[in-house]
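Where a number appears in this text, it was derived from the coordinates with a stated rule and is not lab data. A quick note: this is a predicted structure, and the numbers were derived from the prediction, not measured. Cβ placement follows ideal geometry from the backbone for every residue including glycine, while neighbour counts extend to all protein chains displayed.
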Amino acid sequence: MECDIARREPAAPLSNAPRAKKAVDGAIDALRSDIVSGQVAQGARLPSERDLAAHYGVSQPTIREAVRALAAMGLIEVRHGSGAYVRGDSDFLMATALRILLQMKDVGLLEALDVRTALGLQSARAAALAADESDLAALEDAYRALDDVSGLADHSALIGAVAGFQIALSRAGRNELTSAIETVLISLIMQMQLKALRSRGIRYWQDQTVKFQSDRMRILEAVREGDPEAAAAAMAGYLNHQRQYFTADEELATLRLSDPRAVRVLDELSPRSRR
């Protein structure tokens, strides 16, 4: 197939659509396989519908339907007037899948916090063992950003800085899957907290942030020292304090992620909504 498309080298021929399946299902499976295997590179523009149809041996309407399906899955982004591109944002795929799962299962916010806690403890241990100088620098920068909250004068900046420390710790654990899931959960939990309690004003949020700073320091010190058990213990204290804060507020403690307010927050977390 002749097309202007970026590939990973060495690149194998693109897959052929399975004949036993309905044409559109076969085209979806074949194109999806080529994307996830790296035969079609992240960020690459897909060939024209005509070229894809010729390669996979199906009609152009079939390819059009397959592209729409893959766009709905989040694997492809259709840019009007430009064409279809393979998404280069794996966080988008994780956020999309997790958002749907959380809503379908009618998960409570505290249940999401339980999962976040389990992953957070593992990330803290892993960070103490695996963090390199760049990871430590990122974690220290995130900590220092919370040292003087007077400079964080709006809710979004403050919540972003708090989430930034937690995400930096997760990334320092060097497990991409754990980090991807945690990033979604961290953002969800922080944004839900903000939505429910925004009326309390920026000073309230600044005071709450300061209260948790000693927990953050203990985490940072344990990771610096390469002590996984101390890091996990410090993280447990931090997240336990967060849980106590949530359970003390009836609105947060009983909130389900199928609630319309939670649905709006989940939609706002989608990278597409922030484009």
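What do you get for Rg/Rh over the chain if you use C-alpha atoms and the Kirkwood form of Rh?
Taking Rg over the Kirkwood Rh, I get 1.06.
Can you compute 3J(HN,Hα) from phi for each residue in the range 157-171, using the Karplus curve 6.51 cos²θ - 1.76 cosθ + 1.60 with θ = phi - 60°, rounded to whole Hz and x for Gly and Pro?
5, 5, 5, x, 5, 5, 4, x, 5, 5, 5, 4, 5, 4, 5
Under the rule a/c < 1.5 gives rounded, and otherwise a/b versus b/c splits prolate from oblate, where does the range 130-275 land using the Cα gyration tensor?
Since a/c reaches 1.5 and a/b is larger than b/c, the shape of the range 130-275 is classed as prolate.
Is the C-alpha gyration tensor of the range 71-199 telling us rounded, prolate or oblate? Criteria: a/c under 1.5 is rounded; beyond that, a/b larger than b/c is prolate, otherwise oblate.
rounded
Listed highest first by mean packing, meaning other Cβ atoms within 10 Å per residue, what order do 74-82, 187-195 come in?
Highest-to-lowest ranking by the protection proxy: 187-195, 74-82.
Calculate the dipole size of the range 23-88 relative to its Cα centre from +1 charges on Lys and Arg beta carbons and -1 charges on Asp and Glu beta carbons; express the result in debye to the nearest 20.
In total the dipole reaches around 220 debye.
Given the C-alpha atoms of the range 23-88, compute the convex hull and give its volume per residue in Å³.
Looking at the range 23-88, the number lands at 73 Å³ per residue.
Provide the per-residue ³J(HN,Hα) series for the range 256-262, in order, calculated from phi with Karplus coefficients 6.51, -1.76, 1.60 and θ = phi - 60°, each as a whole number of Hz, with x at glycine and proline positions.
Rounded to whole hertz, the list is 9, 7, 8, 4, x, 5, 5.
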